[in-house]
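To start, the structure itself, in C-alpha coordinates.
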Amino acid sequence: KVDAVVRTCALAGIGLFGMIPRLMHARPSGSDEFVHLRQAMEAFLSGEVGHTVYMLPISKEFFGLHQAASAIARMTGLPLWPAGLLVVVLAHVLSVLAVYQLIRFVGVPAPGSAVGAVVYTLNPSWMYFNAAFSYESLALPLVLLCLAAAVGAARGADKPRWRSLATAMMCGAALPIIHHLSTIILVLIF
(Lines give C-alpha, C1' and ligand atoms only; values in the text may rest on other atoms or scores of the structure.)
Protein backbone atom coordinates (compact mmCIF):
# COMPACT_ATOMS: atom_id res chain seq x y z
CA LYS A 1 0.00 0.00 0.00
CA VAL A 2 1.32 3.44 -0.99
CA ASP A 3 1.16 6.19 1.61
CA ALA A 4 0.21 9.81 0.87
CA VAL A 5 3.76 11.20 0.91
CA VAL A 6 5.03 8.64 -1.61
CA ARG A 7 2.00 9.23 -3.83
CA THR A 8 2.49 13.02 -3.71
CA CYS A 9 6.21 12.69 -4.47
CA ALA A 10 5.46 10.36 -7.39
CA LEU A 11 2.94 12.84 -8.82
CA ALA A 12 5.42 15.71 -8.37
CA GLY A 13 8.01 13.55 -10.13
CA ILE A 14 5.64 13.06 -13.04
CA GLY A 15 5.24 16.84 -13.21
CA LEU A 16 9.02 17.26 -13.30
CA PHE A 17 9.39 14.49 -15.87
CA GLY A 18 6.87 16.28 -18.08
CA MET A 19 9.19 19.29 -18.22
CA ILE A 20 12.19 17.38 -19.61
CA PRO A 21 11.40 18.11 -23.29
CA ARG A 22 11.10 21.83 -22.54
CA LEU A 23 14.21 21.97 -20.36
CA MET A 24 16.29 20.35 -23.10
CA HIS A 25 16.07 23.67 -24.96
CA ALA A 26 18.40 26.02 -23.12
CA ARG A 27 16.89 29.16 -24.62
CA PRO A 28 13.49 30.61 -25.49
CA SER A 29 11.77 29.13 -28.51
CA GLY A 30 8.93 30.70 -30.39
CA SER A 31 7.80 34.30 -30.50
CA ASP A 32 5.61 33.97 -27.40
CA GLU A 33 8.53 33.04 -25.17
CA PHE A 34 10.69 35.85 -26.55
CA VAL A 35 7.94 38.39 -25.93
CA HIS A 36 7.37 37.17 -22.37
CA LEU A 37 11.11 37.08 -21.71
CA ARG A 38 11.40 40.66 -22.90
CA GLN A 39 8.59 41.73 -20.57
CA ALA A 40 10.23 39.84 -17.71
CA MET A 41 13.58 41.51 -18.49
CA GLU A 42 12.00 44.95 -18.37
CA ALA A 43 10.32 44.10 -15.07
CA PHE A 44 13.61 42.76 -13.72
CA LEU A 45 15.78 45.65 -14.87
CA SER A 46 13.49 48.60 -14.23
CA GLY A 47 11.04 47.24 -11.71
CA GLU A 48 8.21 48.47 -13.91
CA VAL A 49 5.52 46.47 -15.65
CA GLY A 50 3.18 47.17 -18.50
CA HIS A 51 5.51 47.99 -21.38
CA THR A 52 3.98 47.82 -24.84
CA VAL A 53 5.40 45.11 -27.04
CA TYR A 54 4.02 45.37 -30.56
CA MET A 55 4.25 41.64 -31.24
CA LEU A 56 1.90 40.94 -28.32
CA PRO A 57 0.37 44.23 -27.11
CA ILE A 58 -1.90 42.59 -24.53
CA SER A 59 1.13 41.36 -22.56
CA LYS A 60 1.38 44.74 -20.83
CA GLU A 61 -1.94 44.12 -19.10
CA PHE A 62 -1.04 40.70 -17.65
CA PHE A 63 2.30 40.99 -15.92
CA GLY A 64 2.01 38.31 -13.23
CA LEU A 65 4.29 35.81 -14.99
CA HIS A 66 6.88 38.50 -15.64
CA GLN A 67 6.83 39.68 -12.04
CA ALA A 68 7.06 36.11 -10.71
CA ALA A 69 10.10 35.35 -12.88
CA SER A 70 11.70 38.65 -11.91
CA ALA A 71 11.08 38.04 -8.20
CA ILE A 72 12.54 34.52 -8.34
CA ALA A 73 15.61 35.85 -10.18
CA ARG A 74 16.14 38.57 -7.58
CA MET A 75 15.59 36.25 -4.59
CA THR A 76 17.76 33.39 -5.83
CA GLY A 77 20.41 35.24 -7.82
CA LEU A 78 19.63 33.09 -10.85
CA PRO A 79 19.74 34.58 -14.32
CA LEU A 80 16.29 35.63 -15.52
CA TRP A 81 15.68 32.86 -18.05
CA PRO A 82 16.40 29.97 -15.62
CA ALA A 83 14.30 31.77 -12.99
CA GLY A 84 11.43 31.98 -15.49
CA LEU A 85 11.78 28.30 -16.27
CA LEU A 86 11.75 27.57 -12.54
CA VAL A 87 8.39 29.37 -12.30
CA VAL A 88 7.07 27.22 -15.15
CA VAL A 89 8.45 24.00 -13.63
CA LEU A 90 6.82 24.77 -10.28
CA ALA A 91 3.54 25.60 -12.02
CA HIS A 92 3.76 22.38 -14.05
CA VAL A 93 4.17 20.31 -10.91
CA LEU A 94 1.40 22.29 -9.23
CA SER A 95 -0.98 21.44 -12.06
CA VAL A 96 -0.60 17.70 -11.45
CA LEU A 97 -0.98 18.06 -7.68
CA ALA A 98 -3.97 20.41 -8.08
CA VAL A 99 -5.77 17.93 -10.35
CA TYR A 100 -5.06 15.20 -7.80
CA GLN A 101 -6.49 17.34 -4.97
CA LEU A 102 -9.50 18.37 -7.03
CA ILE A 103 -10.37 14.76 -7.72
CA ARG A 104 -9.76 13.85 -4.06
CA PHE A 105 -12.08 16.60 -2.86
CA VAL A 106 -14.96 15.32 -4.97
CA GLY A 107 -14.79 12.04 -3.10
CA VAL A 108 -12.58 9.76 -5.19
CA PRO A 109 -10.17 7.58 -3.18
CA ALA A 110 -6.48 8.48 -3.30
CA PRO A 111 -5.40 5.77 -5.79
CA GLY A 112 -8.17 6.75 -8.20
CA SER A 113 -7.30 10.42 -7.82
CA ALA A 114 -3.68 9.66 -8.64
CA VAL A 115 -4.79 7.82 -11.77
CA GLY A 116 -6.93 10.82 -12.70
CA ALA A 117 -3.96 13.15 -12.29
CA VAL A 118 -1.82 10.88 -14.47
CA VAL A 119 -4.54 10.78 -17.13
CA TYR A 120 -4.56 14.59 -17.05
CA THR A 121 -0.85 14.57 -17.92
CA LEU A 122 -1.57 12.58 -21.08
CA ASN A 123 -3.12 15.72 -22.55
CA PRO A 124 -0.69 16.86 -25.28
CA SER A 125 -1.27 20.47 -24.31
CA TRP A 126 0.08 19.76 -20.82
CA MET A 127 3.30 18.33 -22.18
CA TYR A 128 4.05 20.98 -24.79
CA PHE A 129 1.91 24.12 -24.67
CA ASN A 130 1.71 24.38 -20.86
CA ALA A 131 5.45 23.87 -20.53
CA ALA A 132 6.30 27.11 -22.35
CA PHE A 133 7.21 30.39 -20.69
CA SER A 134 3.82 32.00 -21.29
CA TYR A 135 0.70 33.13 -19.47
CA GLU A 136 -1.13 29.83 -19.59
CA SER A 137 1.73 27.90 -18.02
CA LEU A 138 1.15 29.78 -14.79
CA ALA A 139 -2.56 30.58 -15.13
CA LEU A 140 -3.92 27.06 -15.72
CA PRO A 141 -2.31 25.57 -12.60
CA LEU A 142 -3.72 28.48 -10.58
CA VAL A 143 -7.19 27.83 -12.02
CA LEU A 144 -6.89 24.16 -11.08
CA LEU A 145 -5.65 25.03 -7.58
CA CYS A 146 -8.45 27.56 -7.15
CA LEU A 147 -11.05 24.98 -8.17
CA ALA A 148 -9.57 22.34 -5.87
CA ALA A 149 -9.40 24.77 -2.95
CA ALA A 150 -12.95 25.98 -3.54
CA VAL A 151 -14.28 22.43 -3.62
CA GLY A 152 -12.24 21.61 -0.52
CA ALA A 153 -13.65 24.63 1.31
CA ALA A 154 -17.20 23.80 0.29
CA ARG A 155 -16.91 20.18 1.36
CA GLY A 156 -15.84 21.03 4.90
CA ALA A 157 -17.79 18.90 7.37
CA ASP A 158 -19.51 21.50 9.56
CA LYS A 159 -17.77 24.68 8.53
CA PRO A 160 -15.68 25.76 5.57
CA ARG A 161 -12.03 24.85 5.59
CA TRP A 162 -10.46 28.28 6.04
CA ARG A 163 -7.09 27.37 4.55
CA SER A 164 -8.79 26.09 1.42
CA LEU A 165 -10.97 29.17 1.24
CA ALA A 166 -7.96 31.46 1.65
CA THR A 167 -6.09 29.56 -1.07
CA ALA A 168 -9.02 29.87 -3.45
CA MET A 169 -9.27 33.58 -2.76
CA MET A 170 -5.53 34.15 -3.27
CA CYS A 171 -5.56 32.28 -6.58
CA GLY A 172 -8.68 34.13 -7.68
CA ALA A 173 -7.06 37.46 -6.81
CA ALA A 174 -3.78 36.68 -8.60
CA LEU A 175 -5.32 35.27 -11.77
CA PRO A 176 -6.53 38.56 -13.34
CA ILE A 177 -2.96 39.88 -13.55
CA ILE A 178 -1.70 36.65 -15.11
CA HIS A 179 -4.14 35.71 -17.88
CA HIS A 180 -7.43 37.10 -19.10
CA LEU A 181 -9.07 34.00 -20.59
CA SER A 182 -8.28 31.85 -17.55
CA THR A 183 -9.93 34.46 -15.34
CA ILE A 184 -13.04 34.55 -17.53
CA ILE A 185 -13.31 30.75 -17.58
CA LEU A 186 -12.89 30.57 -13.80
CA VAL A 187 -15.68 33.12 -13.32
CA LEU A 188 -17.92 31.15 -15.69
CA ILE A 189 -17.20 27.91 -13.81
CA PHE A 190 -18.19 29.49 -10.50
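The values are calculated or read from the model by the stated rules, or taken from the named source; none is laboratory data. Note that the structure is a prediction, hence the values are computed from the model and not measured. Cβ: placed from backbone, ideal geometry, glycine included. Neighbour counts: every protein chain shown. Surface accessibility is based on the protein's heavy atoms, side chains included, excluding ligands, DNA and RNA. Shrake-Rupley method; radii C 1.70, N 1.55, O 1.52, S 1.80 Å.
Between beta-carbons, use under 13 Å as the cut-off and find the net charge around PHE63, counting Lys and Arg +1, Asp and Glu -1. The partial results should precede the final answer.
Details: positive: ARG38, LYS60; negative: GLU42, GLU48, GLU61.
Every neighbour counted, the sum reads -1.
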(message) Using amide H atoms built in the peptide plane, which far-off residues or other-chain residues are under 5 Å from ILE178 H to H?
(response) GLY64
(request) Work out the length of the dipole vector of the chain about its Cα centre, built from +1 on the beta-carbon of each Lys and Arg and -1 on the beta-carbon of each Asp and Glu, and round it to the nearest 20 debye. (result) 520 debye
(message) Using only DSSP helix segments of four residues or longer, with each worth -39500 (n - 2.57), what per-residue ellipticity at 222 nm results for the chain after dividing by its residue count and rounding to 500?
(response) -22000 deg cm²/dmol
(request) Only helices at least 30 Å long along their axis, Cα-based, and averaging 0.5 or more on Kyte-Doolittle count here, so list those DSSP H runs from the chain. (result) 80-105
(request) Write down, largest first, the equivalent ellipsoid semi-axes of the chain in whole Å, where each equals the square root of 5 times an eigenvalue of the alpha-carbon gyration tensor. (result) 30, 20, 14
(request) Mind checking the full-extension length gain between TRP162 and PHE190? Use 0.36 nm per residue of separation minus the Cα-Cα distance, one decimal, nm. (result) 8.3 nm
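Can you give the relative contact order of the stretch 39-190 as a percent, counting alpha carbon pairs under 8 Å and 6+ residues apart? Please report the intermediate quantities before stating the final value.
Working: 198 pairs, mean separation 32.0, N = 152.
Dividing the mean separation by the residue count of the stretch 39-190 yields 21 percent.
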(request) Quick one: compute the contact order of the stretch 116-190, relative version, from alpha carbon pairs under 8 angstrom and 6+ residues apart, as a percent. (result) 28 percent
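With every protein chain present, what is the per residue accessible area of the stretch 100-168 (1.4 Å probe, Å²)?
On the way: 3420 Å² over 69 residues.
About 50 Å² of surface per residue is accessible.
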(request) Can you tell me the relative contact order of the stretch 1-93? Whole percent, Cα pairs under 8 Å, sequence separation 6 or more. (result) 29 percent
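Cβ neighbours within 10 Å, averaged per peptide: list 22-34, 66-78 in order, most packed at the top.
Going from most to least packed, we get 66-78, 22-34.
Mind pulling the per residue volume of the convex hull built on the Cα atoms of the stretch 1-110? Å³ is fine. Mind dumping the intermediate values first?
Details: hull volume 14.2 nm³, N = 110.
Per-residue hull volume (Cα only) is 129 Å³.
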(request) Report, to the nearest whole %, how much of the accessible area of the chain belongs to carbon and sulfur atoms, 1.4 Å probe, protein only. (result) 71 percent
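Any idea of the accessible area per residue across the stretch 14-56, 1.4 Å probe, to the nearest Å²?
Working: 2680 Å² over 43 residues.
That works out to 62 Å² for each residue.
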(request) Using DSSP to define loop residues, name the chymotrypsin sites (Phe, Trp or Tyr not before Pro) in the stretch 39-86 whose beta-carbon has at most 14 other beta-carbon atoms within 10 Å. (result) TYR54
(request) Above 21 angstrom, tally the Cα pairs of the stretch 120-190 and express them as a % of all pairs, no decimals. (result) 31 percent
